[in-house]
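Contents: one structure, followed by commentary.
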Amino acid sequence: MEIDFIVQDHTACLTIDRSHGLNLLTPDLMRELEAPRGRINDDPSIRAGILTGHGTKAFCAGTDIQQ
């Protein structure tokens, strides 16, 4: 899994964990984002969502055109 998902204090945090590739988005990663996004939408106790990227160089460098 390349998405870390935690909920704390009514806030969901999704972290893209592909720092080896500057968190490039792949088709599989985009599909993987659907489950936590659905949970955020369906859970009334979650009041906010944060999308972030692992590492220090980039949040997300875009789409992985190799895939």
Within the stretch 23-32, is even one residue of a type in the set (Val, Ile, Thr), without any contact (Cβ under 8 Å) to a residue 60 or more places away in the chain, in contact with a strand residue (DSSP E or B) (Cβ under 6 Å, 6 or more places away or on another chain) and surrounded by 13 or more Cβ atoms within 10 Å (Cβ to Cβ)?
no
Test Phe59 against the criterion of being of a type in the set (Phe, Trp, Tyr) and surrounded by fewer than 16 Cβ atoms within 10 Å (Cβ to Cβ), and give yes or no.
yes
Considering only the stretch 45-53, I want to know if a residue exists there that is at pLDDT 95 or above and touching a Ser or Thr at 6+ places or on another chain (Cβ under 6 Å).
yes
Residues that are farther than 25 Å from Asp64 by Cα and either surrounded by 16 or more Cβ atoms within 10 Å (Cβ to Cβ) or among the β-branched types (Val, Ile, Thr) (or both), drawn from the stretch 33-52
Ile40, Ile46
Restricting to the stretch 18-67, name every residue that is assigned to a loop (DSSP other than H, G, I, E, B) and closer than 13 Å to Asp4 by Cβ.
Arg18, Asn23, Leu33, His54, Gly55
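The values are calculated or read from the model by the stated rules, or taken from the named source; none is laboratory data. Bear in mind the structure is a predicted one, so any value in this text is a computation, not a measurement. Heads up, the Cβs are rebuilt from the backbone with ideal geometry, glycines too, and the neighbour counts pull from every protein chain shown.
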